[in-house]
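Visitor: My structure is below; once you've seen it, I'll send some questions.
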Amino acid sequence: MNSFFMVLGIIFLLYAAANYYIALRFFQCLRNIIEPYSLFYWGGYTLFAVTKIVARVGRKNFPGIFNTRMTIFGDYWLAASYYFFLVWVAVDLLRFLNKLLLPQFLLVPYPSMVLGFSVLFLVVALILYGNWNAKKTRIRKYELTVNKTAPGLSQLHIAMISDIHLGVIVDKDRLETIIKQINALHPDIIFLVGDTIDEDVKFFIEEEMSVTLGKLHAPYGVFAVLGNHEYLGGESDLAAEHIGKSNIKLLRDEYLMINKQFYVVGRDDRSAKKANGKGRFPLYRVMQGIDHELPIILLDHQPYKLEEGQRNRVDLQLSGHTHHGQFFPNNLIIQRVFEIDWGYLRKGAYQVIVSCGIGTWGPPIRIGNHPEIIDLLITFEK
């Protein structure tokens with residue numbers, strides 16, 4: 001517990017330092033405008049910076065419309081401060097290189113009102129674009145062949161989504177749009193691969209989102225697994241209960257044979273260990289009793305330890321979780337964390353598709369990637 005608070009304290013200090021750095025750079029560039037109102041500037045900036053923290057801490061103590069508005073504003077501020085920090089660091093780096101390599105030429109005038117407003121307008125434009133882009137869902141098509149026979153079935157049409165993050169930001173109206181887009185594909189089967197709910201299950205319940213989610217339909221049914229955010233909220237069982245009320249079959253370390261033609265295996269999320277102290281079962285134990293002559297589709301929220309799926313002769317794994325970084329340049333880091341952070345990977349007979357998700361976590365912003373629905377056609381032939 002002490003180490004947890006230590007890490008939390010370090011994160012808070014880094015966040016505070018980054019925001020002071022941003023505020024100082026704007027103050028220096030826009031001094032003529034700001035200085036007469038310095039108290040209001042620094043006080044207002046501090047309020048902006050702590051809004052998300054206050055909203056999160058107060059979520060259980062003062063829920064309601066005020067906290068909801070604070071949460072939304074705080075999420076936008078997180079994205080803005082992230083890009084303000086990156087842009088100002090880039091400016092300072094250019095200034096340093098300018099002095100080092102070309103001291104006789106002033107390429108980056110500083111402090112400068114023009115520079116201050118340029119940084120401000122650039123980041124505002126990025127946030128506006130990112131918010132617009134986060135709502136423009138793309139249909140990403142894949143066609144794969146699985147070298148097995150599914151009795152009486154030559155092809156299987158799958159619609160898969162991950163990381164909806166239903167809650168304050170991705171609301172019921174957005175969910176209605178997503179469901180219409182999925183149903184318009186007329187899939188044979190639908191998979192929801194984790195992080196369907198964004199931590200706060202009570203908001204999901206109050207908005208009756210399970211009723212809306214229940215409008216998904218496919219001949220073979222709708223299947224889901226939990227993600228880390230259902231566990232982060234601390235009420236994973238309640239989340240599972242209300243996902244189940246949507247006529248969705250939730251798989252938690254179990255499998256089903258579908259119409260005696262293929263298997264769907266659903267793993268519990270890695271985060272289960274923090275919730276129950278035991279964690280999820282090893283994949284070999286989950287798959288005990290499976291007939292490997294039939295096609296096997298594995299749903300696992302996080303594309304973690306892919307060798308486990310390959311070793312247990314899974315034919316296709318469907319995952320999400322990564323958001324492909326959600327904001328550029330986060331994707332450059334995420335690419336080094338996971339063997340595959342987005343797209344398609346084949347390792348012998350084992351195939352993996354990782355979606356960047358359809359919703360957003362935190363800021364409703366996507367830059368450098370697009371929300372997506374996976375439209376997948378599998379051909380079975382041996």
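The values are calculated or read from the model by the stated rules, or taken from the named source; none is laboratory data. Everything quoted here is computed from the prediction, not taken from an experiment. Don't worry about glycine lacking a Cβ; one is built from the backbone with ideal geometry, like all the others, and counts go over all protein chains shown. What goes into the accessible areas is simple: the full protein's heavy atoms, side chains included, and nothing from ligands, DNA or RNA. Shrake-Rupley method; radii C 1.70, N 1.55, O 1.52, S 1.80 Å.
Visitor: Among 50, 131, 98, whose Cα projects farthest towards the positive end of the dipole of the chain, with charges put on the beta-carbon of Lys, Arg (+1) and Asp, Glu (-1)?
Guide: 98
Visitor: Sorted by average packing, counted as other Cβ atoms within 10 angstrom per residue and highest first, what order do 15-24, 32-41, 156-165 take?
Guide: For the peptides 15-24, 32-41, 156-165, the packing ranking is 156-165, 15-24, 32-41.
Visitor: I would also like to ask the following. Give me the percent of DSSP beta bridges within the chain that run antiparallel, rounded to the nearest 5. Intermediate values should be presented prior to the final figure.
Guide: Working: 17 of 50 bridges.
Counting DSSP beta bridges with both partners in the chain, the antiparallel share is about 35 percent.
Visitor: Using DSSP H assignments, which helices in the chain have an axial alpha-carbon span of 27 Å or above and a mean Kyte-Doolittle hydropathy of 1.6 or higher?
Guide: What comes out of the filter, once short or polar helices are dropped, is 113-133.
Visitor: By how many nm would the segment from residue 293 to residue 92 grow when fully extended, if each residue of separation counts as 0.36 nm and the alpha-carbon distance is taken off?
Guide: Result: 66.3 nm gained on full extension.
Visitor: Counting other C-beta atoms within 10 Å, and keeping those with at most 13, which DSSP coil chymotrypsin sites (Phe, Trp or Tyr not before Pro) do you find in the range 79-154?
Guide: Listed in order of number, the matching sites are 105.
Visitor: Name the residue from 316, 297, 276 whose Cα lies farthest towards the positive end of the charge dipole of the range 238-331, charges +1 on Cβ of Lys and Arg and -1 on Cβ of Asp and Glu.
Guide: 276
Visitor: Okay, next question. Please report the carbon-and-sulfur percent of the accessible area for the range 270-382; probe 1.4 Å, protein heavy atoms only, DNA, RNA and ligands left out.
Guide: 52
Visitor: To continue, here is another question. How much accessible area per residue does the chain have, in Å², with a 1.4 Å probe?
Guide: 50
Visitor: For residue 172, which aspartates and glutamates qualify as cross-link partners when the Cα separation must be under 16 Å and same-chain residues fewer than eight apart are set aside?
Guide: Residue 172 reaches 163, 195, 198, 199, 200, 206, 207, 208.
Visitor: Let me ask something else. Averaging over every viewing direction, what projected area does the convex hull of the Cα atoms of the chain cover, in nm²? Provide the component values of the computation, followed by the final result.
Guide: Details: hull surface 88.9 nm².
If I average the Cα hull's projected area over directions, I get 22.2 nm².
Visitor: Moving on to the next point. Under 22 Å Cα to Cα from residue 382, which lysines show up? Leave out anything in the same chain fewer than 8 places away.
Guide: Residue 382 reaches 148, 260, 347.
Visitor: Right, here's the next one. Full-extension gain between residue 237 and residue 381, please, as 0.36 nm times their residue separation minus the C-alpha to C-alpha distance.
Guide: Full extension of this stretch gives 47.9 nm more.
Visitor: In deg cm²/dmol and to the nearest 500, what is the mean residue ellipticity at 222 nm of the chain if only DSSP H runs of at least 4 residues count, each as -39500 (n - 2.57), divided by the residue total?
Guide: Working: 14 runs with 170 residues, N = 382.
Helices in the chain give a 222 nm mean residue ellipticity of -14000 deg cm²/dmol.
Visitor: Moving on to the next point. Checking the a/c ratio against 1.5 first, then a/b against b/c, what shape does the Cα gyration tensor give for the range 43-145?
Guide: In terms of gyration-tensor shape, oblate.
Visitor: Here's a follow-up. Could you give the length gained on full extension between residue 171 and residue 125, defined as 0.36 nm per residue of separation minus the Cα-Cα distance, in nm?
Guide: 14.2 nm
Visitor: Can you compute the charge dipole magnitude of the chain about its Cα centre, using +1 on each Lys and Arg Cβ and -1 on each Asp and Glu Cβ, nothing else charged? Give it in debye, rounded to the nearest 20.
Guide: Here the chain has a charge dipole of around 660 debye.
Visitor: Can you tell me how the range 155-240 classifies by the Cα gyration tensor, rounded, prolate or oblate, using a/c under 1.5 as the rounded cut?
Guide: Taking the square roots of the gyration eigenvalues as a ≥ b ≥ c, the range 155-240 is prolate.
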